[in-house]
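Visitor: Submitted below is the structure of interest, expressed as structure tokens.
Derivation of every value follows stated rules applied to the coordinates shown; laboratory data play no part. In this text the structure is predicted, and so the values were computed from the model without any measurement. Every residue, glycine as well, gets a Cβ built from its backbone with ideal geometry; the counts of neighbours run over all protein chains shown.
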């Protein structure tokens, strides 16, 4: 379907966002000797091997012990180290929530919690590993910055940016090979939404892998004479409320799109912003209070309605409610 | 700081005990039992053993660092910090009150000098201390990292993750101390969750373990800490099993879990203070 569409963003290559993390970490490590890495027995999956090889004295294998890894990272911060912890999103959040809450967030420690294999696109491993609640858990913590980049290039840029940001960060990325449609030389500004496509009828706020689906949805809507604005919300917290309100003031309705539960996700953050400032129709594209299951990423995104076709439907619904 | 004699350290300890009781009494809330039991240890650390700077710097480079994992014994820590000059002793009167820097459990949010991380939710402090110790190794900083844990706290799983890690990574610039008072909130550890043999457990995890059998005797505490220090730098993390009595120093509080988290009333405070000379002046 996408080949016949006139897309505003195109790609020549595909890669997994976790590789963007691995490559970004290596560069951050080269730039700043305070950057250290920790991993709970998933170095290959997190693409942390290159960093480990180049900086063995700054890398700590913790074994399968995520709670301890978070504590060690918090301790490393005290003398000014910048620890990047790596494990799956599930084990980076729910499994260690209290450790993050007390030793990292409440203690305002400069830990970068880097979480791969988030969401349904993990695929065949099934619901035990497909966390869809992590953004909500992390954004509720005071002091925490929450970032969910959309492709390899943006993930790499985000990884390097958080090394220079003082304070705890949750960085979420994934496993599937995904189109690279954002520029390699982009400057990643934490908390600053990126308006990718101008439009006037409806705004699509998307985060993570679903930004690509939003780009496709825009082209599909355009074919039907509907002008959609696409905004890339790579930073869930702090949320760029100004960009959101400015866009919705123009379009009058919106869709949120994310690989996460409705509850606690990007959609909820946008809804809060709108309801307090400029109530407008908002439709959610996300997972509606259920766990995932095994399948290929494409099959799962289709079954759970997390694709361009469903963003189009949601946009039309939002338009009808104007 | 001028080196204090054992007698002088005992005088400090007496004042620290008064501070603990007065703080907890004033707000009718807090944990006096284990605070009293660890008073010799905290006094020995802050007034004799550690190289530390009362002009607090979070990074603590070229200083010995201390972490408290069982954060509920904050009164004893706050007292030694104030008496060491980290903050005015008068501030102890704000303990556990609204807008205080002396939170119920130690925290960094209010920037209380001397505190480097929040604790209270148990089981986390050993990991944090290990991380801080590894950072010192990266930096070529040869000072030590101390951490205190409770014995009941050994029931938390994270402790054993950390114990395994510290031995694997040869974190030998770390001295962990367990306050072995054999009590927890619901009763004796033997009845609640039997710790059996902590020495054997830690030794089998690859640690060097020493016992300080008289954890409420200043001389014995100092000897234990010296011994621990001499064992650092030999490839193994060090554990100091500090045998204490909860409530030590006050005859009606000693040796029972009853005073774990209970404040004395006016009469009980008076009875307790009568047993503890006011050596440095009450706050």
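Visitor: If packing is taken as the average number of other Cβ atoms within 10 Å across a peptide's residues, how do B:168-175, B:6-13, A:264-271 rank, most packed first?
Guide: A:264-271, B:168-175, B:6-13
Visitor: Given the Cα-Cα distance of residue A:166 and residue A:246 and 0.36 nm per residue of separation, how much length would full extension add, in nm?
Guide: Taking residue A:166 through residue A:246 to full extension adds about 26.0 nm, to one decimal.
Visitor: Follow-up. To check you understand DSSP bridge types, tell me what percent of the beta bridges within chain A (both residues inside) are antiparallel, rounded to 5.
Guide: Here the share of antiparallel DSSP bridges comes out near 20 percent.
Visitor: Report, in whole Å, the centroid distance computed from the Cα atoms of segment A:43-102 and segment B:159-223.
Guide: That distance is 26 Å.
Visitor: Still on this structure, please answer the following. Specify the residue with the greatest mean-square fluctuation among B:90, B:263, B:82, computed from a Gaussian network of chain B linking alpha-carbon atoms under 10 Å apart.
Guide: Largest GNM mean-square fluctuation: B:90.
Visitor: How compact and how long is the protein assembly as shown, expressed as Rg and Dmax of its alpha-carbon atoms in Å?
Guide: When restricted to the Cα atoms of the protein assembly as shown, Rg and Dmax are 27.4, 89 Å.
Visitor: Between segment A:176-222 and segment A:263-288, how far is it from one alpha carbon centroid to the other, in angstrom?
Guide: If you average the Cα positions of each part, the centres end up 18 Å apart.
Visitor: Assuming a ≥ b ≥ c are the square roots of the Cα gyration tensor eigenvalues, decide whether segment A:210-273 counts as rounded (a/c under 1.5), prolate (otherwise, with a/b larger than b/c) or oblate.
Guide: Oblate is the answer for segment A:210-273, as a/c is 1.5 or above yet b/c matches or exceeds a/b.
Visitor: Moving to a separate point now. Specify the angular offset, from 0 to 90 degrees and rounded to the nearest 10, of the alpha carbon long axis of helix A:66-77 from the longest principal axis of the alpha carbons in chain A.
Guide: So the helix axis and the longest Cα principal axis differ by about 80 degrees.
Visitor: Ranked by Cβ crowding within 10 angstrom, fewest neighbours first, how are B:80, A:255 ordered?
Guide: The order, fewest Cβ neighbours first, is B:80, A:255.
Visitor: Run the paramagnetic zone check for residue B:256: 7 angstrom along Cα to Cβ, then residues of segment B:30-47 with backbone nitrogen under 14 Å.
Guide: B:33
Visitor: With viscosity set to 1.002 mPa s at 20 °C, what whole-number translational diffusion coefficient in µm²/s follows for segment B:1-54 from Stokes-Einstein and a Kirkwood radius over Cα pairs?
Guide: 180
Visitor: Now for a different question. With no solvent and one point per C-alpha, what does the Debye sum give as log10 I(q)/I(0) for segment A:132-278 at q = 0.09, 0.17, 0.20 Å⁻¹?
Guide: -0.25, -0.93, -1.29
Visitor: Let me ask something additional. Could you tell me how many degrees, from 0 to 90 and to the nearest 10, lie between the Cα long axis of helix B:125-139 and the main elongation axis, the longest principal axis, of the Cα atoms of chain B?
Guide: Relative to chain B, helix B:125-139 is tipped by roughly 50 degrees.
Visitor: If you take each beta carbon of peptide A:104-111 and count the beta carbons of other chains within 10 angstrom, what is the mean?
Guide: Taking all residues of A:104-111 together, the mean is 4.
Visitor: Kindly provide the helix-only [θ] at 222 nm of chain A, computed as the sum of -39,500 (n - 2.57) over DSSP H runs of four or more divided by all residues, to the nearest 500 deg cm²/dmol?
Guide: Taking each H run of at least 4 residues, the total per residue is -10500 deg cm²/dmol.
Visitor: What residues of segment A:169-201 lie in the reach of a label at residue A:12, counting those whose backbone N is under 19 Å from a point 7 Å from the Cα along Cα→Cβ?
Guide: A:178-187
Visitor: Now, a different point. If one takes the longest principal axis of the Cα atoms in chain A, at what angle in degrees, from 0 to 90 and to the nearest 10, does the Cα axis of helix A:17-31 lie?
Guide: 50
Visitor: Quick check: Cα centre of segment B:104-132 to Cα centre of segment B:3-73, how many Å?
Guide: Segment B:104-132 and segment B:3-73 have Cα centres separated by 15 Å.
Visitor: P(r) of segment B:1-140 in 10 Å steps, Cα pairs, percent per bin?
Guide: For segment B:1-140, the binned pair fractions read 12, 43, 36, 9, 0 percent.
Visitor: Take the Cα gyration tensor of segment B:137-265, multiply each eigenvalue by 5, square-root it, and list the three semi-axes largest first, rounded to whole angstrom.
Guide: Semi-axes, largest first: 28, 17, 12 Å.
Visitor: Hey, with R₀ at 35 Å, roughly what FRET efficiency would residue B:282 and residue A:275 work out to, going by the Cβ-Cβ distance, to 0.05?
Guide: After rounding, the FRET efficiency stands at 0.05.
Visitor: In deg cm²/dmol and to the nearest 500, what is the mean residue ellipticity at 222 nm of chain B if only DSSP H runs of at least 4 residues count, each as -39500 (n - 2.57), divided by the residue total?
Guide: Helix-only estimate at 222 nm: -11000 deg cm²/dmol.
Visitor: While we're here: Let me confirm one metric for peptide B:139-145, namely the mean number of other chain beta-carbon atoms within 10 Å of its residues' beta-carbons.
Guide: Average per residue, whole number: 1.
Visitor: I would also like to ask the following. If you take the beta carbon distance between residue B:185 and residue B:230 as r and set R0 to 35 Å, what does 1/(1 + (r/R0)^6) give as a FRET efficiency, to the nearest 0.05?
Guide: About 0.50, to the nearest 0.05.
Visitor: Let me ask another. Just the ratio, please: alpha-carbon radius of gyration of segment B:6-273 over 2.2 N^0.38 Å, N its number of residues.
Guide: Against the empirical 2.2 N^0.38 Å value, I get 0.93 for segment B:6-273.
Visitor: Moving on to the next point. Where in segment A:57-93 does the label zone of residue A:30 land, with the point 7 angstrom along Cα→C-beta and an amide N cut-off under 18 Å?
Guide: A:57-59
Visitor: Per-residue Cβ counts within 10 Å, from other chains only, averaged over B:168-175: what number is that?
Guide: Per residue, the average neighbour count from other chains is 1.
Visitor: Output the peptides B:121-130, A:94-103, B:201-210 sorted from most to least packed, where packing is the average of other Cβ atoms within 10 Å over each peptide's residues.
Guide: Highest mean packing first, the order is B:121-130, A:94-103, B:201-210.
Visitor: Counting just the Cα atoms, what span does segment A:15-179 cover along each of its three principal axes? Round to the nearest Å and put the largest first.
Guide: Projected onto the principal axes, the Cα atoms of segment A:15-179 cover 41, 32, 27 Å.
Visitor: I've got another one for you. Starting with the fewest neighbours, write out B:232, B:244 ranked by other beta-carbon atoms found within 10 Å of each beta-carbon.
Guide: B:232, B:244
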